[in-house]
Amino acid sequence: MIRVLIVDDSATARHILREILESDARIEVVGLAADAYIARDMIVSLKPDVICLDVEMPRMDGVTFLQKLMLYYPTPVVMVSSLTRNSANTTLDALEAGAVDYVTKPHSHIYDGKEEIKEELIQKVVNASYARVQKKLPTVKRSSNLTSLSETTLKIIAIGSSTGGTEALKVVLGGLPQNIPAVLVVQHMPQSFLESFAHRLNQACVIDVKMAHNGDFLQKGTAYIAQGGKHMVLRRSGANYLIEIGVGAKVSGHAPSVDVLFNSVSKVAGSNAVGVLLTGMGSDGAKGLTHMHDAGAKTIAQSEESCVVFGMPKEAIKLGGVDEIVPLGEIAHTIVKILS
């Protein structure tokens, strides 16, 4: 059984969330707390496997509580909060503070909209129960500029990530030098959060980070983040690479799909590519990374001990599609070493 503590200042929300979670036989709600101070004592006594935490609460907001929790009693947390004007930044603050995932409460009254979030909430709580919560991420180690990269060979870097990936990407992209070849990134996240996410990464990195748009020609020293709900593929136009964005059915359970990106890179760039699969639940990207490997690309998987969820990298390793298994803090350096 997955033991869950629900922390929300609304009695109605606590009741509905409990009803949703206990409809699944794998989950037991062991406690309900109206604020962070009550939750603190219940966490110590009940030792829940997962905490569902609201953002806006009296006495102490959810993000502040989360920061203290991760410092003294690291526990997998799924943020459950209403969608507001500032919710994208607040959600990213929560993920930065250590939350595993997030669920947005329905626009309507939570009782009327409970069916909207039922499947997502249950699945994310189950996923969170497998998460490895880390007190502190590796320090970003920025690599020196590439000095021996052949200017006549078009190189490309493709990265896929999911659960835990928002912070992992900050470490990897933040460690890349300014003259790195173009980077294509698929992170499983709704479009409503991705603009803010790309902006934060751009502020944290020496390379440029931007949202990808259909027809973008790839530029050195730039990372392109796939749009939410749409697939991103690599195309070639003469001597240049460009991005194609399109709507399509989910692949490997996702849109954008890491498999879709990696498959296109394997066909278009072949041995001129480096593929990286970071932390995430499920198997999206495993087959695509294997196709890249078979096409001659160099491939990297994040190591188990440094993953929040060792799902996607594990599946790629099983398929034999990984050249190197690397701790998160060393991935940027490994990319540079391969390209050099």
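The values are calculated or read from the model by the stated rules, or taken from the named source; none is laboratory data. These figures come from a predicted structure and were not determined experimentally. No Cβ is skipped: glycine too gets one built from the backbone with ideal geometry, and neighbour counts run over all protein chains shown.
Looking at this structure, is GLU244 at pLDDT below 95, assigned by TED's automatic domain parsing to the domain that holds ALA286 and either surrounded by fewer than 16 Cβ atoms within 10 Å (Cβ to Cβ) or in a strand (DSSP E or B) (or both)? Talk me through it step by step, then tell me what you get.
Working: at pLDDT below 95: no; assigned by TED's automatic domain parsing to the domain that holds ALA286: yes; either surrounded by fewer than 16 Cβ atoms within 10 Å (Cβ to Cβ) or in a strand (DSSP E or B) (or both): yes.
In short, no.
Within region 270-282, the set of residues being closer than 26 Å to ASP101 by Cβ and touching a Gly at 6+ places or on another chain (Cβ under 7 Å) comprises LEU277, LEU278, THR279, GLY280, MET281, GLY282. Of everything listed in (1) farther than 30 Å from ALA97 by Cβ; (2) at pLDDT 95 or above, the single unmet condition for GLY311 is (1). Considering (1) in contact with a Gly (Cβ under 8 Å, 6 or more places away or on another chain); (2) over 14 Å from MET281 (Cβ atoms), the lone condition that GLY165 does not fulfil carries the number (2).
Only residues that are more than 24 Å from GLN178 (Cβ to Cβ) and in a loop (DSSP other than H, G, I, E, B) were counted in region 318-340, giving 5.
Answer yes if at least one residue in region 244-253 is of a type in the set (Asp, Glu), within 19 Å of HIS188 (Cα to Cα) and within 21 Å of the chain's Cα centre (by Cα), and no otherwise.
no
For GLU56, the test of being touching a strand residue (DSSP E or B) at 6+ places or on another chain (Cβ under 8 Å) and in the same structural domain as ALA88 (by TED's automatic domain parsing) is passed. Of the residues that sit in region 256-271 and are part of a helix (DSSP H, G or I) and among the small types (Gly, Ala, Ser), which one is surrounded by the fewest Cβ atoms within 10 Å (Cβ to Cβ)? It comes out as SER271.
With respect to being in the same structural domain as HIS293 (by TED's automatic domain parsing) and over 17 Å from the mean Cα position of the chain (by Cα), GLY228 falls outside the description.
The residues of region 292-340 include none that are surrounded by fewer than 17 Cβ atoms within 10 Å (Cβ to Cβ), basic (Lys, Arg) and in contact with a strand residue (DSSP E or B) (Cβ under 7 Å, 6 or more places away or on another chain). The number of residues in region 155-169 being charged (D, E, K, R) and touching an Asp or Glu at 6+ places or on another chain (Cβ under 7 Å) comes to 1.
Would you check if LYS47 is on the phi > 0 side of the Ramachandran plot and either of a type outside the set (Ser, Thr, Tyr) or at pLDDT below 95 (or both)? Yes: the conditions hold for LYS47.
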